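Report on one structure; see the data block that follows.
The values are calculated or read from the model by the stated rules, or taken from the named source; none is laboratory data. Keep in mind it's a predicted model, so treat the numbers as computed, not measured. Note that each Cβ is placed from the backbone with ideal geometry, even for glycine, and that neighbours are counted across all protein chains shown.
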Amino acid sequence: MERYDVFVIGGGGTGSEVAFQLGERSDLKVAIAERDKLGGECNHYGCVPTKVMLRSAKIAAQSRDAARFGVRIGGGVEVDLHAVRRRAREVVDSQSGEGAAPFERIGIRVLLEEARLVGDHRIETASGERIEADRIVLATGTEATVPPIPGLAEGPYWTNKEAIWAPERVPDSLVVIGAGAIGIEFAQIYARFGSTVTMLEALPHILPNEDEEAAASLVPAFEAEGIGIRAGTSIERAEHDGRGWTVSLTGGQTLRSDELLVATGRRPVFDVHDLAAAGVALDEHGRPVLTGTLRTTNPAVWAAGDATGDLLFTHVGSYEAELVVDDLLGRPRPRDYRVVPRVTFCDPEVASVGLTERQAREAGLNVRTSALRFEDNERAHIDGRTAGLVKLVGDARTGELLGGHIVGEEAGAMIHEVVALMAARTPAAVAGAAIHAYPTLSESVKGALLGLAEG
């Protein structure tokens, strides 16, 4: 029976980072197993290919809008879906095309098959190999959840995977169930590719995890593109008749569409593992019970990345990989999620960090807010992109930032000024006094900081 110092189950971004860092920073005997493709969900079915599609969608939209800027483009703008996907594959391959080779060069064994945790320190592979490991890292990722809507499971619905790689052509119509980040991005992709898109969200507003005022500022931009948004909507049934979908809403309304995308959330993938035999407990939401250093209830087993079931962001997975490696090498440090940025890469982008206004008030904090709309920013008018806002949430007593929310062009880059200020605990008045270049969108961050400081 082969024995390893550390065995990593899951070769996505987090698991790969754990294994690679251990290979570079230690003499430990390390192996990693991946049942699908090294690089994981983000690289092959999520972050990377969707951002390629979003880039193509944005160029298409800008081309259609060119006349407003005095630029004439002859003929109509068409999107070649196969060419977009070809480029997506090229980008994915450029990031993970070497496969197992980088790991093997530094002495890490790579198993391209499923590996199951079957007991304390014990692993079994799909080919029947039995392995022992002193320490095990679960970086098993997540999978899309499907709501219990009658008829839905019987039809050929899309998840993020199918929405990227399955269609042979752009559908004439698409219904998207779920208006979180995944649903929002795909809705705009396919609307700009030429589909008639309707979004359905059970909660009162789109992007339910975002600040309500920030999320609301995105709605006019989407509606201007013809994307239908129905928040606070309940679905009674979804049926596929072999040609398309019929979605029945509470109240008697029905929608017809060629395709239906389910984007209602994700859950950790632990079904194949015997967690009980390994002494790994889950909470009532199916997430592993973890210590501050990401150890499970079995101190020889860690869980990191999307497998934690919380903060499902690639950059959080990378951070957690560093925490796990430090703990494995005897330098433990507790996790800290006070300052975690998140970005929805629609157009305009939605970026945020820290607490929403509602979260801050519900926490009983002494809250002060400041918001500036890009309608008041000269660079936004120069660029012809005035949708969105900068909203800051602060502690009225200390002047410290509690959260930041930006909807606008390049919001994903702009939010990092707020990230840096929160990480350094810099009072809004100090940061607001700093000179910001003109004409830039970042002047709106300065204005919101001054508004927060002045009350």
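Numbers below:
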item	result
Sole residue being in contact with a His (Cβ under 8 Å, 6 or more places away or on another chain), among the hydrophobic types (A, V, I, L, M, F, W, C) and touching a residue at least 40 places away in the same chain (Cβ under 8 Å), chosen from Ala215, Ala187, Ala238, Ala221	Ala215
Test for Ala166: is it assigned by TED's automatic domain parsing to the domain that holds Gly232 and surrounded by fewer than 19 Cβ atoms within 10 Å (Cβ to Cβ)	yes
Matching entry among Gly252, Gly292 (being in a loop (DSSP other than H, G, I, E, B) and not assigned by TED's automatic domain parsing to the domain that holds Arg122)	Gly252
Some residue of the range 294-303 being in contact with an Asp or Glu (Cβ under 8 Å, 6 or more places away or on another chain), on the phi > 0 side of the Ramachandran plot and surrounded by 15 or more Cβ atoms within 10 Å (Cβ to Cβ)	yes
Residue count for the range 24-49, restricted to those that are of a type in the set (Gly, Ala, Ser), in contact with a Gly (Cβ under 9 Å, 6 or more places away or on another chain) and not in a helix (DSSP H, G or I)	3
Among residues of the range 209-220, those that are crowded, with 19+ Cβ neighbours inside 10 Å and closer than 22 Å to Ala57 by Cβ, counted	5
Qualifying residue in the range 361-376 (condition: under 23 Å from Leu22 (Cβ atoms) and at pLDDT 95 or above)	no
Matching residues in the range 323-337 - criterion: being surrounded by fewer than 17 Cβ atoms within 10 Å (Cβ to Cβ) and in a helix (DSSP H, G or I)	Asp326
Subset of the range 260-276 that is closer than 20 Å to Ala33 by Cα and among the hydrophobic types (A, V, I, L, M, F, W, C) - its residue that is surrounded by the fewest Cβ atoms within 10 Å (Cβ to Cβ)	Val272
Enumeration of residues in the range 141-164 that are at pLDDT 95 or above, closer than 12 Å to Gly46 by Cβ and out of contact with any Gly (no Cβ under 8 Å at 6 or more places or on another chain)	Thr159, Lys161, Ala163, Ile164
Elements of type helices (runs of 4 or more DSSP H) in the range 410-455, at least 3 residues being touching a helix residue (DSSP H, G or I) at 6+ places or on another chain (Cβ under 6 Å)	428-432, 443-454
Among (1) in contact with a strand residue (DSSP E or B) (Cβ under 8 Å, 6 or more places away or on another chain); (2) surrounded by 14 or more Cβ atoms within 10 Å (Cβ to Cβ); (3) part of a loop (DSSP other than H, G, I, E, B) - the single one Gly107 does not satisfy	(2)
Of all residues making up the range 246-288, the number that are closer than 30 Å to Thr125 by Cβ and either more than 27 Å from the chain's Cα centre (by Cα) or among the acidic types (Asp, Glu) (or both)	7
Only listed residue being surrounded by 18 or more Cβ atoms within 10 Å (Cβ to Cβ) and at pLDDT 95 or above, chosen from Val340, Val418	Val418
Test: residue in the range 158-180 that is more than 19 Å from the chain's Cα centre (by Cα) and among the aromatic types (Phe, Trp, Tyr)	no
Any hit, the range 169-191, residues being under 24 Å from His44 (Cβ atoms) and surrounded by fewer than 17 Cβ atoms within 10 Å (Cβ to Cβ)	yes
Output for the range 223-245, where each listed residue is assigned to a loop (DSSP other than H, G, I, E, B), surrounded by fewer than 16 Cβ atoms within 10 Å (Cβ to Cβ) and within 24 Å of the chain's Cα centre (by Cα)	Glu225, Gly232
